[in-house]
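Novice: If you scroll down you'll find the structure; I have some questions about it.
The values are calculated or read from the model by the stated rules, or taken from the named source; none is laboratory data. Note that this is a predicted model, so its numbers are computed, not measured. Here the Cβ positions follow ideal geometry from the backbone for every residue, glycine too, while neighbour counts run over all protein chains shown.
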């Protein structure tokens, strides 16, 4: 095996080994001290519950994921457009940037009830909440990226009398790419957090119940193994989203950007 | 250079028409810092003129003004005895080579070299032909699809020069292009540049703070003093081309270096005297 291959294998193997060790200790402690499942369920019990309750948890996972992905898509789209607007003129940015910050610093739990009241469709309201949480890193990073143009290259483009559009397409957008992908990584996680928090606030039941609803219900019913199973699904969803963003960023930047080289 | 090229260079009408000329060009920054005292300079067709001076003498500023990249605060510049709008006409093309390679890291060598043609809306077929020719001129035929970061500093600089040459310029302005390279690479690129200059009948204005490089390359060296920059004299390097590595260490080259060093010393002495209360 090449050194590179061994390195890649270890990169995946090490966290897995750590996880197995920790789960082992957890399992052992629960068994040795005979901890009741309504306090801390053993990993094996959580795993069994995950399988047994899949008919309930699976659809909930799908609901939360749908909210997350819709919010993420909206955040990326609107965030990027906002960033493009900001770099058109200093004055637009100076006038509007404080409001982007306002969006960022206002706790979503505080405004989620309002949004849920104002927006008729609960599902749409949840997407709006999650998008509000996820949009800021996209705006901030993409704006920074679009402004981070090598001054030498900027002079070169001026010398060759590049048009505004040529400058944007050939200089600004490529320069912004590494920052943009950095923003995507943060935003993907935030979209999931936003979706779960909004679900908590909305407390929706019925056919469109997300994972947060399952966590709440399981808590009320002291069905702690199911609570853990739902929590596990939220975590896995977050990790998978993050990994997907890392992969996309690698695909886009692999050949030229320092952050993705020899990774 | 072959005999015919040698002959044509020798038989240049003297004096040839000025390609770029500065009249009373001066630069004062906001806040009153004088970067450049009024300078008069005419660079004629086929010349290789080097602006030599210590760091911060305004030689890069002067070069940027000659390129139309910066506007002087006093005086004026003429290109082919006309305004900046003359630049870009057939036979009146100008290219600038920056101190750093200034390449787009996200795209290939070929795409970097093609940039000026793309921005000008040149056809694909024509661009491909010219890019290939430019890469061949700088000896990078095999690296068209490489990315800048995969190349050494010297090779990156060659890409930068290929990009400057791809528009087939008549006037080439170079701002300490080899300053960041090691001595050995620099010597090789110097020699390559001279070959290009004679083969393409370029007019070159070159900025450096190396006496030896100035003597090796130039037909004429203009010496500038430390800030505020002003022209303290010029030395014609009346030595035949082609020049090879033995010229670099010849007694004649040493004599030219000596006269340049004397000019620089006199200038800094005068500056010290002025600075004294």
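Novice: Tell me which residues, restricted to the range B:91-125, are part of a helix (DSSP H, G or I), at the interface with chain A (Cβ under 8 Å from one of its Cβ atoms) and surrounded by fewer than 22 Cβ atoms within 10 Å (Cβ to Cβ). Can you show your working first?
Specialist: Residues of the range B:91-125 part of a helix (DSSP H, G or I): B:109-119, B:124-125.
From the residues that got through so far, the ones that are at the interface with chain A (Cβ under 8 Å from one of its Cβ atoms) too are B:115-116, B:118-119.
Scanning the range B:91-125 gives B:118, B:119.
Novice: Where in the range B:150-255 are there strands (runs of 3 or more DSSP E), lying fully within it, with 2 or more residues that are within 14 Å of the chain's Cα centre (by Cα) and assigned by TED's automatic domain parsing to the domain that holds residue B:131? Reasoning before the result, please.
Specialist: Working: elements: B:171-175, B:203-208, B:220-224, B:231-236.
The strands (runs of 3 or more DSSP E) meeting that bar are B:171-175, B:203-208.
Novice: Can you say whether residue A:74 is at pLDDT below 90, surrounded by 15 or more Cβ atoms within 10 Å (Cβ to Cβ) and closer than 20 Å to residue A:137 by Cβ, as far as the supplied structure shows? Before the answer, list the steps.
Specialist: Numbers: at pLDDT below 90: no; surrounded by 15 or more Cβ atoms within 10 Å (Cβ to Cβ): yes; closer than 20 Å to residue A:137 by Cβ: yes.
Taking the combined requirement at face value, the residue does not satisfy it.
Novice: Here is a list of conditions, (1) touching a strand residue (DSSP E or B) at 6+ places or on another chain (Cβ under 8 Å); (2) more than 14 Å from every other protein chain (Cβ to nearest Cβ), and residue B:161 meets all of them except one; can you say which number that is?
Specialist: Status for residue B:161: all satisfied but (2).
Novice: Which residue, of A:169, A:192, is within 22 Å of residue B:167 (Cβ to Cβ) and more than 10 Å from chain B (Cβ to nearest Cβ)?
Specialist: On the way: A:192 fails: within 22 Å of residue B:167 (Cβ to Cβ).
Just a single option satisfies the conditions, and that option is A:169.
Novice: Shifting gears a bit: How many of the residues in the range A:52-68 are surrounded by 18 or more Cβ atoms within 10 Å (Cβ to Cβ) and assigned to a helix (DSSP H, G or I)?
Specialist: First, pick out the residues of the range A:52-68 that are surrounded by 18 or more Cβ atoms within 10 Å (Cβ to Cβ): A:53, A:57, A:60-61, A:63-65, A:67-68.
Add one more test, that the residue is assigned to a helix (DSSP H, G or I), and what stays is A:57, A:60-61, A:63-65, A:67-68.
Number satisfying all stated conditions: 8.
Novice: Right, next: Has the range A:231-243 got at least one residue that is within 14 Å of chain B (Cβ to nearest Cβ), part of a helix (DSSP H, G or I), touching a helix residue (DSSP H, G or I) at 6+ places or on another chain (Cβ under 7 Å) and surrounded by 20 or more Cβ atoms within 10 Å (Cβ to Cβ)? Please lay out each step first, then the result.
Specialist: Step one: filter the range A:231-243 for residues within 14 Å of chain B (Cβ to nearest Cβ), giving none.
No: zero hits.
Novice: Can you name the condition, by its number, that residue B:155 falls short on among (1) modelled with pLDDT of 90 or more; (2) within 14 Å of chain A (Cβ to nearest Cβ); (3) surrounded by 15 or more Cβ atoms within 10 Å (Cβ to Cβ)?
Specialist: Going through the list (1) modelled with pLDDT of 90 or more; (2) within 14 Å of chain A (Cβ to nearest Cβ); (3) surrounded by 15 or more Cβ atoms within 10 Å (Cβ to Cβ), residue B:155 breaks only (2).
Novice: Here is a further query. Can you say whether residue A:158 is within 28 Å of residue A:247 (Cα to Cα) and either over 22 Å from the mean Cα position of the chain (by Cα) or free of Cβ contacts under 8 Å to residues at least 40 places away in the same chain (or both), as far as the supplied structure shows? Spell out the reasoning first.
Specialist: Details: within 28 Å of residue A:247 (Cα to Cα): no; either over 22 Å from the mean Cα position of the chain (by Cα) or free of Cβ contacts under 8 Å to residues at least 40 places away in the same chain (or both): yes.
Criteria not met by residue A:158.
Novice: Can you name the residue in the range B:70-80 that is away from chain A (no Cβ under 14 Å) and in a loop (DSSP other than H, G, I, E, B) and is also surrounded by the most Cβ atoms within 10 Å (Cβ to Cβ) among such residues? So that I can check it myself, show each step before the final result.
Specialist: Going through the range B:70-80, the residues away from chain A (no Cβ under 14 Å) turn out to be B:72-78, B:80.
Within this subset, residues satisfying the condition of being in a loop (DSSP other than H, G, I, E, B) are B:72-73, B:80.
On the way: B:72: 23, B:73: 15, B:80: 19.
Filtering the range B:70-80 for residues that are away from chain A (no Cβ under 14 Å) and in a loop (DSSP other than H, G, I, E, B), the one surrounded by the most Cβ atoms within 10 Å (Cβ to Cβ) comes out as B:72.
Novice: OK, next. Mind checking which helices (runs of 4 or more DSSP H) fall wholly inside the range A:131-226 and carry at least 3 residues that are buried (at least 17 other Cβ atoms within 10 Å of the Cβ)?
Specialist: Values: elements: A:151-159, A:164-167, A:173-202, A:211-220.
Once the helices (runs of 4 or more DSSP H) in the range A:131-226 are filtered for at least 3 residues that are buried (at least 17 other Cβ atoms within 10 Å of the Cβ), what remains is A:151-159, A:173-202, A:211-220.
Novice: Just checking, how many residues over the range A:77-110 are closer than 20 Å to residue A:125 by Cβ and surrounded by 14 or more Cβ atoms within 10 Å (Cβ to Cβ)?
Specialist: As a first pass, look at the range A:77-110 and keep what is closer than 20 Å to residue A:125 by Cβ: A:77-79, A:102-104, A:106-110.
Those still in the list that are surrounded by 14 or more Cβ atoms within 10 Å (Cβ to Cβ) too: A:78-79, A:103-104, A:108.
Matching residues across the range A:77-110 total 5.
Novice: Residues that are surrounded by fewer than 18 Cβ atoms within 10 Å (Cβ to Cβ), within 14 Å of chain A (Cβ to nearest Cβ) and out of contact with any helix residue (DSSP H, G or I) (no Cβ under 9 Å at 6 or more places or on another chain): does the range B:47-69 have at least one?
Specialist: Start the filter on the range B:47-69 by keeping residues that are surrounded by fewer than 18 Cβ atoms within 10 Å (Cβ to Cβ), which leaves B:54-56, B:69.
From the residues that got through so far, the ones that are within 14 Å of chain A (Cβ to nearest Cβ) too are B:69.
Going one step further and asking which of them are out of contact with any helix residue (DSSP H, G or I) (no Cβ under 9 Å at 6 or more places or on another chain), we end up with none.
For the range B:47-69, residues surrounded by fewer than 18 Cβ atoms within 10 Å (Cβ to Cβ), within 14 Å of chain A (Cβ to nearest Cβ) and out of contact with any helix residue (DSSP H, G or I) (no Cβ under 9 Å at 6 or more places or on another chain): absent.
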